[in-house]
1. Cβ-Cβ distance below 8 Å, separation of 6 or more or different chains: which pairs start in region 14-36 with a residue that is part of a strand (DSSP E or B) and end on one that is of a type outside the set (Val, Ile, Thr) and surrounded by fewer than 13 Cβ atoms within 10 Å (Cβ to Cβ)?
2. With respect to Ala66, is the statement that it is over 19 Å from Met107 (Cα atoms) and of a type in the set (A, V, I, L, M, F, W, C) true?
3. Of the numbered conditions (1) charged (D, E, K, R); (2) over 28 Å from Thr10 (Cα atoms); (3) loosely packed, with under 14 Cβ neighbours inside 10 Å; (4) touching a Ser or Thr at 6+ places or on another chain (Cβ under 8 Å), Arg58 fails exactly one; give the number of that condition.
4. Could we say that His167 is free of Cβ contacts under 8 Å to residues at least 60 places away in the same chain, loosely packed, with under 11 Cβ neighbours inside 10 Å and of a type outside the set (Ser, Thr, Tyr) here?
5. Would you please name the residue that is farthest from Asp95 (Cα to Cα), looking only at residues in region 133-155 that are loosely packed, with under 12 Cβ neighbours inside 10 Å and either in contact with a helix residue (DSSP H, G or I) (Cβ under 6 Å, 6 or more places away or on another chain) or free of Cβ contacts under 8 Å to residues at least 40 places away in the same chain (or both)?
6. Within region 108-132, how many residues turn out to be surrounded by 13 or more Cβ atoms within 10 Å (Cβ to Cβ) and either out of contact with any Leu (no Cβ under 6 Å at 6 or more places or on another chain) or farther than 21 Å from Gly57 by Cβ (or both)?
7. Show the residue pairs meeting these rules: Cβ distance below 8 Å; 6+ apart or different chains; first residue within region 64-84 and within 30 Å of Thr133 (Cβ to Cβ) and among the charged types (D, E, K, R); second residue modelled with pLDDT of 95 or more and in a strand (DSSP E or B).
8. Could you tell me whether Glu83 is in a loop (DSSP other than H, G, I, E, B) and modelled with pLDDT of 95 or more?
Amino acid sequence: MTPSPTQLPTPLPAPFAGATAVVLPDWIDNNGHMNVGYYHVVFDIAASPFFTFLGLGREYRQRTGASTFALESHLNFLREVKEGAPLRFEARLIDFDHKRLHFYQEMFHATEGYLAATYESLSIHMDMAQRRTAPMPAELSARLAQVKEAHDRLPRPWQVGHVISAHPPRRAG
């Protein structure tokens, strides 16, 4: 069951870490590593516990008749992962307004610890009966505001808002 807006854990997890996966044999391409399409799949799977934490899980959909649809996403492939690799995910809420939710996820090799990929996405709140955008209820916005406040304390990843270019920006460090 999705916690109510007043039942957030204290302290709030920043970042949220609630998803794991293992790279399946079917996800491997001719180069011997996870195929690009499966990065979208596994990040979508990993977003589910995060959205439940935010208050946008199955119980919310059943109770309100509302859900979210993906609008835009951006993947960064940093290191390859191979068949059988254990993965762990971290997620954070970057921003939101009355209809949109901007979030960011990181995928790590769970035993070797390296950052393998990042995923930035924008979702829209939908009235499922009308299949149209709809404002989020006040209690959901209040919950998101609490999570955003906790996640705003984290350093902003360079990938957030990154523009695709043949000339990538210089990173500090």
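1. Val22/Gly84
2. yes
3. (2)
4. The answer is yes for His167.
5. Ala138
6. 13
7. Final answer for the pair search is Glu72/Ser121; Glu72/Leu122.
8. So Glu83 passes the test.
The values are calculated or read from the model by the stated rules, or taken from the named source; none is laboratory data. Only a predicted model underlies this, so the values are computations on that prediction, with no experimental measurement involved. Glycine also receives a Cβ, built like all others from the backbone with ideal geometry; neighbour counts cover every protein chain displayed.
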